[in-house]
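The values are calculated or read from the model by the stated rules, or taken from the named source; none is laboratory data. Computed from a prediction, not measured in an experiment: that's the story for all the values here. Ideal geometry is used to build each Cβ from the backbone, glycine not excepted, and the neighbour counts take in all protein chains shown. Calculation scope for accessible area: heavy atoms of the full protein, side chains included, ligands and nucleic acids excluded. Shrake-Rupley method; radii C 1.70, N 1.55, O 1.52, S 1.80 Å.
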Amino acid sequence: MAFQGDNDKVRRIVDIGANYGAFTLLAASRCPHASIEAYEPNPLNAKLVMNVTNNGLENRVVVIQEALSSERGSERYYMFTADGLNGLVYKNSIVAGEQFVRDIIVNTDTLDNIIGDGIDILKIDCEGSEYDIIKNSKQLKKIKCIIGEWHEYLPDQDHHALLAQLVFNGFEVLELYPDKQHGHFIAWNRDFNE
């Protein structure tokens, strides 16, 4: 599904961890009839809004300055010298050897709260929060395709369990480029195979 086949049928895309918008812009170009919600909690990442505006996508892309988590509310967001580590999970940077810069409080929401009638394509790259987001969702079956990145920087993070949960919820999972601490996956919901 993800950008294969009839992309004209894709109506809703959610980008969790949008960063500066690379996936958001690709999705907008490949799926011309889709509305896109780009979630990025980092207030310093003005490039996302700028990229949406510079590409004339304000009528199709909504930028939401929130993180997704296991609960709706607010949480501490940790910022590092390496932008790729910013998130809700990594309190210290021993894992990647990067320096902690500061933390801020960001608003959070849950996947189940935003899922509505369903999502055609969900992209999730949120530096370790993928475990809580997916584990706490009771509505995964409303998602057609998930493109994601997993991380194993903490002892309780097990990508095999994460991917097994997707399989249990009816997804066919393809793992891409795994190494010791992170990798990527694509998951297709079997109920929506065309």
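Things worth noting here:
- When the chain is described by a simple charge dipole with +1 on each Lys and Arg Cβ and -1 on each Asp and Glu Cβ, the residue from 38, 154, 68 located farthest towards its positive end is 38.
- Amide hydrogen neighbours beyond the local backbone of residue 35, cut-off 5 Å, H modeled: 12, 13
- Between the beta carbons of residue 102 and residue 173, assuming R0 = 41 Å, the FRET efficiency works out to 0.70 to the nearest 0.05.
- The amide H of residue 119, built 1.01 Å from its N in the peptide plane, has 143, 144 as neighbours under 5 Å, considering only residues 5 or more places off or on other chains.
- Kirkwood Rh in Å, taken over all unlike Cα pairs in the chain: 16.9
- Note on the chain: with neighbouring protein chains present and a 1.4 Å probe, carbon and sulfur make up 50 percent of its accessible heavy-atom surface.
- Estimated at 0.36 nm per residue, the fully extended path between residue 65 and residue 6 surpasses their Cα-Cα distance by 18.2 nm.
- Surrounding net charge for residue 70, when Lys and Arg each add one and Asp and Glu each subtract one, Cβ distance under 13 Å: -3
- ³J(HN,Hα), Karplus 6.51/-1.76/1.60, whole Hz, each residue of the range 103-119, x for Gly, Pro: 10, 9, 9, 10, 6, 10, 9, 10, 4, 4, 6, 9, 5, x, 7, x, 10
- Contact order for the range 94-194, expressed relative to its length and based on alpha carbon pairs under 8 Å spaced 6+ residues apart, stands at 24 percent.
- Spatial separation of Cα centroids for the range 46-76 and the range 149-183, in angstrom: 25
- Couplings 3J(HN,Hα) for the range 138-146, derived from phi with the Karplus relation 6.51 cos²θ - 1.76 cosθ + 1.60 (θ = phi - 60°), are 9, 10, 4, 5, 8, 9, 7, 9, 10 Hz, where x marks Gly and Pro.
- Peptides 17-27, 48-58 ranked from most to least packed, by the mean per-residue count of other Cβ atoms within 10 Å: 17-27, 48-58.
- Vicinal HN-Hα couplings computed from phi for the range 12-20 (Karplus, 6.51 cos²θ - 1.76 cosθ + 1.60; Hz; Gly/Pro x): 9, 10, 10, 10, 8, x, 5, 6, 8
- Using the 1.4 Å probe convention, the accessible area of the chain works out to 50 Å² per residue with neighbouring protein chains retained.
- Order of exposure, largest accessible area first, which applies to 33, 159, 184 with probe 1.4 Å: 33, 184, 159
- Mean separation of Cα contacts under 8 Å, 6 or more apart, over the residue count of the chain: relative contact order %: 18
- Förster radius 25 Å - calculated FRET efficiency between residue 26 and residue 180, Cβ distance, rounded to 0.05: 0.35
- Here the chain is treated with +1 on each Lys and Arg Cβ and -1 on each Asp and Glu Cβ, and its dipole about the Cα centre works out to around 320 debye.
- Relative packing of 164-175, 124-135, which averages over residues the other C-beta atoms within 10 Å, highest first: 124-135, 164-175
- Close amide-amide hydrogen proximity is noted between residue 64 and 38, 39, 40, each under 5 Å apart and 5 or more residues distant or on a separate chain (H modeled in the peptide plane; Pro and chain starts excluded).
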